[in-house]
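In what follows, a structure is listed as C-alpha cells, so that the remarks can point back to it.
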Amino acid sequence: TGRNGILPFSVQVIRDRFPRMDPHIAADLSALDTAVLHSRLSELGAIFDLDGIQQRVAELDERMSAPDFWDDQNAARALMAEVNPLKHRMEAFSALKSRLEDIDAAIELAQEADDDDLGREAVEEFAR
C-alpha cells in the first residue's frame with residue numbers, strides 16, 4: 001500500500017480485474033502478451049515460405065494420387081523424398097501454431113475464471 005493506505009494504481013487495477021486471484025499470479029497473468037509470439041510465428045511462416053511449401057505439397061500429393069504413380073519406382077521414391085521433408089516442416093509449424101493457440105486459450109480461461117490454479121498454469125505454459 002502507499003503512504004495513505006491506497007494501493008498503487010497498477011496493483012489496484014489488477015485486484016479489481018481479478019479479485020479472487022492471488023495478486024502475484026494475477027500480475028504475472030496480466031503481463032502475458034502473446035502478440036509478439038504471433039508476430040514472430042507469422043514472420044517465420046513468411047521466411048520459410050510456408051504458403052509456397054503448402055502449394056508444392058498439394059501439387060506433389062496430386063501427382064502421388066495418380067493411378068500410375070508407382071509404375072516408375074525411382075520417380076516415385078524421388079517424389080516421396082521431396083514431399084516428406086516439406087510435410088515435416090508444415091507439421092512443425094502447425095504444432096507451434098497450435099501450441100500458441102493453446103497458450104492463448106489458457107490465458108483467456110484463467111482470466112475469465114479468476115482462478116489461482118488456472119492462472120498459474122497459464123503462466124507456466126507461457127514460460128515453456
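Computed over the chain, the per-residue total of -39500 (n - 2.57) for DSSP H runs of n ≥ 4 gives a 222 nm mean residue ellipticity of -26000 deg cm²/dmol, rounded to 500.
Accessible-area rank, largest first, for Asp104, Asp16: Asp16, Asp104, with all protein chains present and a 1.4 angstrom probe.
Surface composition of the range 16-128: carbon and sulfur atoms hold 51% of the protein heavy-atom accessible area at a 1.4 Å probe. Calculated on the alpha-carbon coordinates, the convex hull of the chain measures out at 125 cubic angstrom per residue. Mind checking the per residue accessible area of the chain for me, 1.4 Å probe, whole number of Å²? That works out to 70 Å² for each residue. Each of Phe48 and Asn74 was given a label point 7 Å from its Cα along the Cα-to-Cβ line. The distance between the two points is 3.3 nm.
The values are calculated or read from the model by the stated rules, or taken from the named source; none is laboratory data. Remember, it's a predicted structure, so these values are computed and weren't measured experimentally. Cβ sites come from the backbone with ideal geometry, for glycine too, and all protein chains shown count toward neighbours. Only protein heavy atoms, including side chains, enter the accessible area calculation; ligands, DNA and RNA are left aside. Shrake-Rupley method; radii C 1.70, N 1.55, O 1.52, S 1.80 Å.
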